[in-house]
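Novice: I'd like to ask you about the structure that follows.
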Amino acid sequence: MKVNRNGQATVLTTEQLDELLAAAPSPRYRALWSLQRWSAARITETLVLTWGDVAAGHVTYRKATTKTKATKQIRSTDRLQAALDDYRQAWADEHGHVPAAGEVLFPASGSTHTPMSRQAADKALRSTAKRLGFEGVSTHSFRRSFATGALKRGASLPAVQRVTGHQSLSGLTPYIEVDEVDVMAALAGA
């Protein structure tokens with residue numbers, strides 16, 4: 001578990017992720033956390049998304065903005081699309097116009113083209129997690145929770161790797177939390 005910004009981010013259960021989204025301080029954070037939850041994207045990649053990147057039922061993380069310098073495209077789930085649709089209306093209400101394709105989803109205060117800072121996003125997440133009694137949560141918890149949860153639901157490592165965007169399986173494996181129950185289940189089948 002992450003303590004004082006050291007260690008790995010906590011893996012959250014499906015129920016905890018649902019609780020976190022329900023407790024989001026605004027539609028902005030609900031949409032941000034939904035994107036991270038269902039696309040397993042890094043916070044820096046998510047903050048630079050434009051409205052043009054979330055079109056036609058897909059989320060496109062452009063190669064110029066990803067750590068791996070490879071474009072990643074994820075299909076929107078129903079719940080992700082609902083969060084984005086709710087947020088689009090909140091964004092329009094806040095800024096006084098329907099968002100244009102080149103405007104960022106999560107702008108800094110007073111802008112529609114400059115993204116909010118990673119620190120601002122992290123502060124809202126940590127505050128909400130603390131209020132819910134979740135320890136060790138960081139923006140990376142979404143990536144670790146996705147990878148661990150997908151594998152527990154039976155997804156293959158290559159499928160998880162495709163969503164997370166890891167270049168290698170060796171880069172993906174540290175994201176996967178293995179508990180004693182998983183180890184005993186593996187041993188039982190030997």
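The values are calculated or read from the model by the stated rules, or taken from the named source; none is laboratory data. Please read all numbers here as calculations on a predicted model, not as lab measurements. Cβ: placed from backbone, ideal geometry, glycine included. Neighbour counts: every protein chain shown. The protein model used for the area step is the full one, side chains on, heavy atoms only, and it has no ligands, DNA or RNA in it. Shrake-Rupley method; radii C 1.70, N 1.55, O 1.52, S 1.80 Å.
Novice: For region 23-65, name all the residues that are closer than 21 Å to residue 148 by Cβ and open to solvent by 10 Å² or more (accessible area, probe 1.4 Å).
Specialist: 37, 38, 42, 43
Novice: Anything in region 138-148 that is open to solvent by 10 Å² or more (accessible area, probe 1.4 Å) and either farther than 16 Å from residue 165 by Cβ or of a type in the set (A, V, I, L, M, F, W, C) (or both)? List them, or say none.
Specialist: 146
Novice: Let me ask you something else. Just wondering, is there one or more residues in region 146-167 that are of a type in the set (D, E, K, R), out of contact with any helix residue (DSSP H, G or I) (no Cβ under 6 Å at 6 or more places or on another chain) and modelled with pLDDT of 95 or more?
Specialist: no
Novice: Right, something else. Looking at region 151-165, I want the residues that are surrounded by 14 or more Cβ atoms within 10 Å (Cβ to Cβ) and have a partner that is of a type in the set (Val, Ile, Thr) with Cβ atoms under 7 Å, at least 6 apart or on another chain. Which pairs are those?
Specialist: Every condition considered, the pairs that remain are 151/160; 151/176; 163/74; 165/66; 165/68.
Novice: Still on this structure, I have one more. Find all pairs meeting these conditions: Cβ atoms under 9 angstrom apart; at least six residues apart or on different chains; first residue within region 93-119 and small (Gly, Ala, Ser) and open to solvent by 70 Å² or more (accessible area, probe 1.4 Å); second residue at pLDDT 95 or above and in a loop (DSSP other than H, G, I, E, B).
Specialist: That search, which allows pairs on different chains as well, returns 109/116.
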